[in-house]
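Take this structure, written in structure tokens, and hold onto it; I'll ask about it next.
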Amino acid sequence: MTPSRLLPWFALLGSLACDPARSGRTEPPPTTQQPERQDWRLVWQDEFDGPAGALPSSERWSPDVGGDGWGNGQYEHNTARAENASLDGEGRLVITARRERYQGNDYTSARLTTRGKFERTYGRFEARIQLPTGKGIWPAFWMLGANFNQVGWPTCGEIDIMEHRGQLPAIVRGSLHGPGYSGGENVGEEHVVAGGKLYEDFHLFAVEWDPDRIRWFVDDIAFMEVTPRDLPGNARWVFDHPHFLILNVAVGGGFVGPVDGTTQFPQQMRVDYVRAYTRVE
């Protein structure tokens with residue numbers, strides 16, 4: 001996500017210890033057994049199994065509730081309601097952006113985070129997602145450094161696995177934000193998806209994060225690789241500590257611009273699964 005909205009969010013999130021080992025939290029077991037990827041071992045997942053209308057697993061996700069306190073021009077109020085984030089009864093999570101007046105905002109949506117519940121350094125992180133569409137619609141699947149309360153943003157690091165401008169239906173972007181390469185000066189690339197528009201079907205978005213290297217994939221096609229040598233000037237590589245996962249759909253904001261009369265609501269991001277792997281040693 002465009003990072004200018006993050007700093008005030010830190011104050012809202014409080015001082016919960018973010019290292020599961022220190023906090024005494026344990027990772028919930030996988031909901032189903034999945035085939036192992038070659039060279040990777042599954043360590044965490046959510047297959048979003050459950051009845052239609054059920055809230056996402058509270059063992060895995062927490063809703064980040066509130067309006068645009070981040071100075072990024074987003075229009076939505078993110079809620080903890082099933083109307084904005086719930087299971088569809090067919091093994092999918094649905095995050096829904098709605099046009100409705102709520103808590104002083106003209107739109108509602110949801111942002112879900114694994115903060116304090118699943119945080120990890122290195123691995124493969126993937127989600128199979130069908131994206132929404134429309135001018136000003138901004139879905140994202142991303143990671144944020146769990147030490148942000150201690151060091152602030154962007155020193156904590158941010159890995160944008162997938163960001164999408166709804167008005168550009170075949171293009172996604174991956175990027176890194178850190179000290180000296182954040183906001184509009186992030187290190188990233190866009191990728192054009194062949195064979196149709198992203199809202200027409202599900203696509204697999206992933207990063208493979210190793211010491212001193214991160215690679216981005218769409219449908220298992222690598223489109224970007226970043227190492228410390230690719231950072232500008234003497235910028236510091238900060239991707240050496242636990243990060244947590246975030247799924248959200250924003251409405252408006254600096255990355256996508258405003259909605260207009262062509263944008264239809266509700267808009268839905270459908271997530272088939274989220275999985276995390278560690279390298280097989």
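Does Gly180 count as farther than 15 Å from Val238 by Cα, open to solvent by 10 Å² or more (accessible area, probe 1.4 Å) and either out of contact with any strand residue (DSSP E or B) (no Cβ under 7 Å at 6 or more places or on another chain) or of a type in the set (Gly, Ala, Ser) (or both)?
No, not satisfied.
Only residues that are in contact (Cβ under 8 Å) with a residue 40 or more places away in the chain and surrounded by fewer than 19 Cβ atoms within 10 Å (Cβ to Cβ): list them for region 243-267, please. Full working, then the answer.
Within region 243-267, the subset in contact (Cβ under 8 Å) with a residue 40 or more places away in the chain is 243-260, 262-267.
Residues satisfying the conditions are Gly254, Gly257, Pro258, Asp260, Thr262, Gln264, Phe265, Pro266.
For region 119-132, which positions are buried (at least 20 other Cβ atoms within 10 Å of the Cβ) and under 24 Å from Glu76 (Cα atoms)?
Those that are buried (at least 20 other Cβ atoms within 10 Å of the Cβ) and under 24 Å from Glu76 (Cα atoms): Ala127, Ile129, Leu131, Pro132.
Next question, about the same structure. With the requirement that a residue be open to solvent by 10 Å² or more (accessible area, probe 1.4 Å) and touching a strand residue (DSSP E or B) at 6+ places or on another chain (Cβ under 7 Å), what does region 134-145 give you?
Correct list: Gly134 only.
With respect to the numbered conditions (1) over 27 Å from Asp220 (Cβ atoms); (2) open to solvent by less than 10 Å² (accessible area, probe 1.4 Å); (3) polar (S, T, N, Q), which one is the sole condition not fulfilled by Thr114?
All conditions are met except number (1).
Right, Gln74: in contact with a helix residue (DSSP H, G or I) (Cβ under 9 Å, 6 or more places away or on another chain) and not acidic (Asp, Glu) or not?
The answer is yes for Gln74.
Among the residues that make up region 192-213, is at least one of them within 27 Å of Asp46 (Cα to Cα), at pLDDT below 95, open to solvent by 80 Å² or more (accessible area, probe 1.4 Å) and out of contact with any strand residue (DSSP E or B) (no Cβ under 9 Å at 6 or more places or on another chain)?
So far as region 192-213 goes, yes, one or more of its residues are within 27 Å of Asp46 (Cα to Cα), at pLDDT below 95, open to solvent by 80 Å² or more (accessible area, probe 1.4 Å) and out of contact with any strand residue (DSSP E or B) (no Cβ under 9 Å at 6 or more places or on another chain).
I've got another one for you. Of everything in region 151-175 that's over 12 Å from Lys197 (Cα atoms) and of a type in the set (Val, Ile, Thr), which residue is nearest to the chain's Cα centre (by Cα)?
By that ranking, first place goes to Ile161.
Hey, Gly188 hits all of (1) under 23 Å from Asp240 (Cβ atoms); (2) over 16 Å from the mean Cα position of the chain (by Cα); (3) modelled with pLDDT of 95 or more; (4) open to solvent by 10 Å² or more (accessible area, probe 1.4 Å) but one; which does it fall short on?
(2)
The values are calculated or read from the model by the stated rules, or taken from the named source; none is laboratory data. These figures come from a predicted structure and were not determined experimentally. Neighbour counts run over all protein chains shown; Cβ positions are idealised from the backbone, glycine included. Areas reflect the complete protein model, heavy atoms only, side chains present, ligands, DNA and RNA absent. Shrake-Rupley method; radii C 1.70, N 1.55, O 1.52, S 1.80 Å.
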